[in-house]
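The structure appears right after this line, and notes come after that.
The values are calculated or read from the model by the stated rules, or taken from the named source; none is laboratory data. Keep in mind the model is a prediction, meaning the values are calculated, not measured. Virtual Cβ from ideal backbone geometry, glycine too; neighbours counted across all protein chains shown. Just so you know, the surface numbers come from the protein's heavy atoms only, side chains and all, with ligands and any DNA or RNA stripped out. Shrake-Rupley method; radii C 1.70, N 1.55, O 1.52, S 1.80 Å.
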Amino acid sequence: MQNELFDTMDRQLAEICTPGVIREIEAGGDSHRLWGSIADSGFADLMLSEQAGGAGLGWTDAWSVLFAAGRHAVVVPFGSTLFARAVLEQMGQPVSADKSMAVSGFGHIDSQGRLVAQSVNAVAVADELLVQAGETVYQIATSSPFCTLERTGGPACLDANVVVTQPDPIGNLPVGTIASGLGLVLAIQLAGVADRVLSMTLNYANERQQFGKSIGRFQAVQQQITEMSERVYAMRMASQIGARSVNWQPCSLQAALAKSQTSACAARVASIAHAVHGAIGVTQEYDLQIYTRKLYEWARAGGGEQYWAAQIGRSALESQQELLDFTREKMFGGSPPAS
Amino acid sequence: MQNELFDTMDRQLAEICTPGVIREIEAGGDSHRLWGSIADSGFADLMLSEQAGGAGLGWTDAWSVLFAAGRHAVVVPFGSTLFARAVLEQMGQPVSADKSMAVSGFGHIDSQGRLVAQSVNAVAVADELLVQAGETVYQIATSSPFCTLERTGGPACLDANVVVTQPDPIGNLPVGTIASGLGLVLAIQLAGVADRVLSMTLNYANERQQFGKSIGRFQAVQQQITEMSERVYAMRMASQIGARSVNWQPCSLQAALAKSQTSACAARVASIAHAVHGAIGVTQEYDLQIYTRKLYEWARAGGGEQYWAAQIGRSALESQQELLDFTREKMFGGSPPAS
Amino acid sequence: MLKPLDYVSEPEALDSFRVQVRQFLDEQMASTPPSERARSWMGADESFSRKLAERGWLGLTIPQSHGGAGKDYFSRFVLSEELLVAGAPVAAHWIADRQSAPLVMRYGTDDQKSFYVPRVCRGEAFFCIGMSEPNSGSDLASIRTRAERNEKGWLLNGSKIWTTVAHHCHYMIALVRTSGQAADRHRGLSQMIVDLSLPGVTVRPIVDMAGDAHFNEVFFENVQLQEDALIGTEGQGWEQVNAELAFERSGPERIYSSMALLRLWVDEVRAARRSDAGTDCLLGQLLGEMAVLRGMSLAVTQELVNGQSPAVQASLVKDYGTDFEQKVIREIASWLAARPDFEASAELIRTLAYLEQMGVTFSLRGGTREILRGIIARGLGLR
Amino acid sequence: MLKPLDYVSEPEALDSFRVQVRQFLDEQMASTPPSERARSWMGADESFSRKLAERGWLGLTIPQSHGGAGKDYFSRFVLSEELLVAGAPVAAHWIADRQSAPLVMRYGTDDQKSFYVPRVCRGEAFFCIGMSEPNSGSDLASIRTRAERNEKGWLLNGSKIWTTVAHHCHYMIALVRTSGQAADRHRGLSQMIVDLSLPGVTVRPIVDMAGDAHFNEVFFENVQLQEDALIGTEGQGWEQVNAELAFERSGPERIYSSMALLRLWVDEVRAARRSDAGTDCLLGQLLGEMAVLRGMSLAVTQELVNGQSPAVQASLVKDYGTDFEQKVIREIASWLAARPDFEASAELIRTLAYLEQMGVTFSLRGGTREILRGIIARGLGLR
């Protein structure tokens, strides 16, 4: 699946989304230059229809660009924008060609009638926010005076809690639609960044010498890196199973699988990478931390392993189907839902 | 804490509760000879009062004999009898000097008025059964025509589901009293058998040669055995924290800690032992399996890690105490409850 | 870096084949309890294996010229998956079908091919693999069993241990030393097909802790082999064995070993209408991981279809898969222990206890975890 | 086999001391947010350290003759536990108090003892430890920093890295080569007390991913040390360092590093009145394991009180403890991710994110997991 889409995106990001650029943006620098270049590439319009100026592709193709985005720890909300634009078009809303959008599927209206969304990924560098609460979908400019952000996460984290007074709904979607799509975006990005972290770790283990040989020759290191590689391969597969829909709408159980399984593996991948790298890995100036932080953040954002696993489990218990049949039909088989 | 009580019990069991004897009993051979020798030693009367012919000791002393019992994978229900006799005396019931007793703290009365207890440990070789359902305590001879056993577990397992028609209560105790006591018995036995499994594994790793050196010199084996030893030490400590009561009544949160933490470690200890031993470890004729099977059975019996952990967690949440204070007072501090 | 494994669909054309297999298994195994199904590919039933052969389901990927069905590896995946998920007693023919017949097809002479392979496909030749020895364990290069050339062919002396289902088998493919000494390590090892009915062969079953005898020790005392017992090239035994591993490790055997337990547990949870957050979550985690492994195993199958030998990827899937199989056991044990009030059937506990005990072998059979991870590490390019 | 660790009670007489410490900390830290407390013993505040010294709480186990309080290791346990659970910024004095002063007391000359130790107790001499070098990592025996004897004492050249809080410290105890070459491994290493204000010493803070500078690289360029910079015996540095590890690894530092997170999480769970099976169970698992570790740490303390040097047991508790500290982070992250509707405060996520990032260092500081486990394995008698 590493095809032309992937290659183009990967090459572009290698140039424009470098560790230096990421450090700058995370330290509070301007993100619009990076976002502008990405927006200009048109990849965020991949799932818009051709009439709307997009490519009319579905998740199977989006996988390639999202995986590449993950590999480069894209700090601006590229993946969520890609999905949000398709949602807006489906809802008959205008789609802005240059705005970046953060997304949350877990908003709620609080007792004071405010729209609240917790720890929204990358919202601090997003132009707009798309939130679903129950069936209702809201769209808000982050610069709106009605919108306040409170940063969450570590010093370099761009997530925030959002509170919107006087929120205006733009329409309805089935409950969970936006949560599924964002979950799948993050799952694919997780698989991508895990792949990057594995390469860095393999390189380091081969280069770093201790006790007179490369540390990759120590049995304890080999055992750990093997475990890591199994998880990285599994994350890739989980994200591909999740991305089988050929249109904009994710298959909900497959997306659940993707987010659940990738999130389940993420922390272990990060911790092995750091164990192999030792102290150098946690320094600001070394690049590893840029990528491992994303493993934690994206695994937590939009619901983690257990949340999404419970969706699958509940569905399996209710289905009364034999388990292999359930797995084949709900995770592998069948055509994607009609749009 | 390896004192005279421990030494005496350990020495006696080394002679009478050999792997050969255990294999025979588990294969359906007569268990009364082994039980008779243990009963004669008087150790099962440790927590009976001196008036009742016992030693009037509490859990802190019982720890030593139960740990020894665990080390020898005692197949007859010694530990549960030790506790059950103290319970019977406290309830004003006659205590038989020669009967062995299986115990369950999780009985219930089913829709047909029958007393049901699931997977009662070692009940297939017990003379009697003591069950608590809610507050009510029942005592039944396993040979009674009202009592039917259905074996559970593997071919060599002596556990069974028990159904008693027309059960007669012998009195009441606070809910959970018997469950706590049995949990603590099993926790201490688990710590003992884990200690045995560690010694066997260390010996094997030093003796077995592969690739021209003892396998204990391979880094991957060292890492695993270290992990195992940490758990074995933790199990010992957990069981000692559990056994701080100086009378027959266990402190419920400390017993919960003991059963939860020992059960949490048991499966990993077993699996590392087998990983180190390789194929020889799963053969009938090699002794390791006698001890590792107990790790699984005792961890599951009488409620496992999560059941007991939830008791602790619920209590901590309700207490509103600062967590270190909760830990110090409820797990370490305080005097044992008055009897 | 290692080639990644990408999603492939299982060909829809195989759906009707799957239905056929499923119907056959439903009939054959209607009365097999879960604790028996938990034996999975360790359970041997010669007549069951012959029934599969009658339907043309042994040697599915073997060319029709040699008695096989001439189908591709996806067909074999479907058949294997159905057999394993059902816990069918496939051990008698499993190794012959999975690796011995392909090995003979690859390395054998025309005579060897036409002698052995059709018999495998008819369920008349069951094979076992002779690798470990009492003092070698995972260190296969230190093998001491020896075949000395003589005027009639080869004179075999030594012994093999942990040989799965040897007591049901007609032949063993043994890795033996044909020249040099143990100190020569990999050099001088060859593969021999040993007819287990020959004089001088003794098979001693080894009873495991569950009371079964899957394992054996096999002794060779002056066993006279014919010239054509040698399979492949003399001295190339080590390379041949390693090529075989791609077959051994590529199938869904390393996903479904705990399936009997998982299915029975779900049946009882459904019957008790027990749905709480912890239960939903656990089932979803297990099914999710199972689906991912299935996807990875299908991707390895695609490599075989493409004519590749994905030995390292297959090892990776195997290692991750055995981890999953053991997790199923551990987590269901934990779930039950967390709910002492749950009325689990005696059969559920029996199935669990069997797997708790024997599950430790999942990461031993076909290479210990440490050995396997060493292979994967090298495959990943660690040096 | 290693001596097991048995339960001991903490002396009740210390309860009033604990209350004193608690009151002091409640006052001092009333406005310190949890995300700051999460820095725990990595957070340095020189004035805080001096306030402890004013109360006589530095050098608690040092004899009164040298400015200490002459108390036993249980007192030190109580003080350390309160400081760590509160997440007090102890880093400035921590190493001086924990291991440098005891080291000087054990190996120093009378002059060295009376010069350094009272200063440590007064909070006027903060120490760091110089072990790792840019190319040595865990392989301490390959150290290249060199002290050459000259007419004035020793001439020091080289550099040390990952030196915790060196930029707050007055002295470093450095492990350096005084004879031989890197190839001589452990032979020829000695410990030197280096005054960090000397000409030729450069301290370069290394910023970590959380934006803090706990670590440093320290360069020595022709630093002229006096004769009495040598501590202990020339050439015995390796043995001295290993003896020091019993102090380094014996305390409750390896239990409470994630305590700020655990406490804040419980506060918010209580406030939201969230009690479900999963929450109860998780909290109970964590508190249970914490209590067991505390018991083990107290047992190690008893060994110190008995005059033993329980280096291996302490390593075992440390390895198990760091595992627990990392588990707290992982499990709370998982709990939150499982409940996307839970209204966690921004401060809770901030504390979590800090620990998620820096928690990986818990198993690096004081020896990587692999090194530590090798030590334990040998201590267990594996050979």
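For the stretch B:177-332, what is the accessible area per residue in Å² when the probe is 1.4 Å?
I get 23 Å² per residue for this part.
So what's the net charge close to D:L5: Lys and Arg +1, Asp and Glu -1, counting the other residues with Cβ under 10 Å from its Cβ? It would help to have the intermediate numbers written out before the result.
Values: positive: B:R236, D:K3; negative: D:D6, D:E303.
Residues near D:L5 contribute 0 overall.
Residues of the stretch D:200-244 losing 50 Å² or more of accessible surface, assembly versus chain alone, probe 1.4 Å, please list them.
D:M209
Dipole of the stretch C:240-379 (Lys/Arg Cβ +1, Asp/Glu Cβ -1, origin at the Cα centre): which of C:P340, C:N306, C:L293 lies farthest to the positive side?
The listed residue farthest towards the positive side: C:N306.
By the gyration tensor of its Cα atoms, with a ≥ b ≥ c the square roots of the eigenvalues, what is the shape of the stretch A:67-111: rounded for a/c under 1.5, prolate for a/b over b/c, or oblate?
Values: a/c = 2.40, a/b = 1.30, b/c = 1.85.
Oblate, since a/c reaches 1.5 and b/c is not below a/b.
Suppose you put the label 7 Å out from Cα in the Cβ direction; list, shortest first and in nm with one decimal, how far A:A27 is from each other copy's label.
7.5
When a/c is below 1.5 the answer is rounded, else prolate if a/b is larger than b/c, else oblate, so apply that to the stretch A:114-253 with a ≥ b ≥ c taken from the square roots of the Cα gyration tensor eigenvalues.
Oblate.
By accessible area of protein heavy atoms, probe 1.4 Å, what ranking do D:E244, C:E12 get, highest first?
From most exposed to least exposed: C:E12, D:E244.
In nm, to one decimal, how far is the C:D341 label point from the B:D168 one, both placed 7 Å along Cα→Cβ?
About 2.9 nm separates the two model spin labels.
Which residue, C:S40, C:S142, C:S345, tops the fluctuation ranking in a GNM of chain C built on C-alpha contacts under 10 Å?
C:S345
Among rounded, prolate and oblate, which fits the protein assembly as shown when a ≥ b ≥ c are the square roots of the eigenvalues of its C-alpha gyration tensor, a/c under 1.5 means rounded, and a/b larger than b/c means prolate? Mind dumping the intermediate values first?
Details: a/c = 1.31, a/b = 1.11, b/c = 1.17.
Rounded shape, in that the Cα axes give a/c under 1.5.
Would you check the accessible area of C:E221, probe 1.4 Å, heavy atoms only, in square angstrom rounded to 10?
Looks like 130 Å² after rounding.
On the full set of protein chains, 1.4 Å probe, figure out the accessible area of C:R373 and give it in Å² to the nearest 10.
For C:R373, the solvent-accessible surface is approximately 20 Å².
Which net charge results when you count Lys and Arg as +1 and Asp and Glu as -1 among the other residues whose beta-carbon is under 13 Å from that of C:Q326? Could you put the intermediate results ahead of the total?
On the way: positive: B:R268, C:R254, C:K318, C:K327, C:R330, C:R365, C:R369; negative: C:E289, C:D319, C:D323, C:E325, C:E331, C:E356.
For residues surrounding C:Q326, the net value is +1.
Report the charge-dipole magnitude of the protein assembly as shown in Debye, nearest 20, computed about the Cα centre from +1 at each Lys and Arg Cβ and -1 at each Asp and Glu Cβ. Display every interim value, and only then the final one.
Values: 128 positive and 162 negative charges, 398 e Å.
Roughly 1900 debye, rounded to the nearest 20.
Measuring nothing but label to label, 7 Å from Cα along Cα→Cβ, what are C:D6's distances to the other copies in nm, shortest first?
Relative to the other copies, C:D6 has label-point distances of 6.5 nm.
Compute the separation of the alpha-carbon centres of the stretch B:83-108 and the stretch B:10-31 and state it in Å as a whole number.
Result: 24 Å between the Cα centres.
Taking every residue in A:236-245, how many Cβ atoms of other protein chains lie within 10 Å of its Cβ, on average?
Mean shielding count: 5.
Got a sec? Charge dipole of chain D, +1 on Cβ for Lys and Arg, -1 for Asp and Glu; which of D:C281, D:S190, D:F219 is way out at the positive end?
Toward the positive end, the furthest listed residue is D:S190.
Between the stretch A:154-203 and the stretch D:311-383, what is the separation of their alpha carbon centroids in Å?
Value for the Cα centre distance between the two parts: 26 Å.
What nm distance separates the two modelled labels at D:D6 and B:I16, each placed 7 Å from Cα along Cα→Cβ?
2.5
Which helices of chain B meet both criteria: a Cα extent of 30 Å or more along the helical axis and a mean Kyte-Doolittle score no lower than -0.5, with helices taken as whole DSSP H segments?
Passing helices, by number: B:177-207, B:219-242, B:252-277.
Given the options D:L103, D:A92, D:T61, identify the residue whose Cα lies farthest towards the positive end of the charge dipole of the stretch D:12-125 (+1 on Cβ of Lys, Arg; -1 on Cβ of Asp, Glu).
Projecting each Cα onto the dipole axis, the largest value belongs to D:L103.
Rounding to the nearest 10 and keeping the result within 0 to 90°, find how far the Cα-based axis of helix D:369-379 lies from the longest principal axis of chain D.
Result, in degrees: 80.
Restricting to DSSP H runs of at least four residues, report the calculated mean residue ellipticity at 222 nm for chain A, -39500 (n - 2.57) per run over all residues, nearest 500 deg cm²/dmol. Mind dumping the intermediate values first?
Values: 11 runs with 170 residues, N = 339.
Helices in chain A give a 222 nm mean residue ellipticity of -16500 deg cm²/dmol.
With only Lys, Arg, Asp and Glu charged, each at its Cβ (+1 for the first two, -1 for the last two), find how big the charge dipole of chain D is about the Cα centre; round to the nearest 20 debye.
Magnitude of the dipole: close to 520 debye.
Within a 10 angstrom radius of each residue's Cβ in B:116-125, how many Cβ atoms of other chains show up on average? Whole number is fine.
Average neighbour count from other chains, rounded to a whole number: 2.
Near the axis that takes chain B to chain A, which B residue has its beta carbon closest, and at how many Å?
Per the B/A rotation axis, the closest residue of B reads B:Q219, 2.
Rounded to the nearest 100 Å², what is the sum over both chains of accessible area buried where B meets C, with a probe of 1.4 Å? Don't jump to the answer; show the numbers that get you there.
Working: alone 14910 and 16840 Å², together 28670 Å².
Between B and C, the summed buried area is about 3100 Å².
Net charge within 9 Å of C:W238 by Cβ-Cβ distance, Lys/Arg positive one each and Asp/Glu negative one each, not counting C:W238 itself?
Cβ neighbours under 9 Å give a net charge of +1.
Determine, from the Cβ-Cβ distance of C:N157 and C:S309 and an R0 of 30 Å, the FRET efficiency 1/(1 + (r/R0)^6), rounded to the nearest 0.05. Could you put the intermediate results ahead of the total?
Values: r = 33 Å, r/R0 = 1.10.
The formula returns an efficiency of 0.35 here.
Taking the Cα centre of chain A as origin, sum charge times position over the Cβ atoms of Lys and Arg (+1) and Asp and Glu (-1), and report the length of that vector in debye to the nearest 20.
900
With chain A treated as a Gaussian network of Cα nodes joined by springs under 10 Å, which of A:A102, A:A267, A:A68 yields the largest mean-square fluctuation?
In this elastic network of chain A, the residue with the biggest mean-square fluctuation among A:A102, A:A267, A:A68 is A:A267.
May I ask you to give the solvent-accessible area per residue for the stretch D:129-236, in square angstrom, as obtained with a 1.4 angstrom probe?
With all protein chains present, the stretch D:129-236 gives 40 Å² per residue.
Working with all protein chains in place, sort C:R350, C:R106, B:R151 by solvent-accessible area computed with a 1.4 Å probe, largest first. Walk me through the intermediate numbers first.
Working: C:R350 80, C:R106 140, B:R151 105 Å².
Ranked from most to least accessible, the order is C:R106, B:R151, C:R350.
Which distance in nm do the two modelled labels at B:M91 and D:E234 give, with both placed 7 Å along the Cα-to-Cβ direction?
7.8
What's the FRET efficiency of C:D195 with C:R50 using the Cβ-Cβ distance as r and R₀ = 25 Å, to the nearest 0.05?
Details: r = 20 Å, r/R0 = 0.79.
That gives a FRET efficiency of 0.80.
Can you tell me the orientation of helix C:237-250 relative to chain C, as the angle in degrees between its alpha-carbon axis and the longest Cα principal axis, to the nearest 10?
Between helix and principal axis, roughly 20 degrees.
For D:R263, D:R98, D:R187, B:R217, give me the order by solvent-accessible area with a 1.4 Å probe, most accessible first, ignoring ligands, DNA and RNA.
D:R187, B:R217, D:R263, D:R98
If you roll a 1.4 Å probe over the stretch C:12-126 with all protein chains in place, what percent of the accessible area is carbon or sulfur?
That fraction is 45 percent.
Using only the alpha-carbon atoms, how far is helix C:15-28 inclined from the longest principal axis of chain C? Give it as 0 to 90 degrees, nearest 10.
Helix C:15-28 sits roughly 90 degrees off the main axis of chain C.
Report, as an integer, the average count of C-beta atoms from other chains found within 10 Å of each Cβ along B:252-265.
Rounded to a whole number, the mean comes out at 3.
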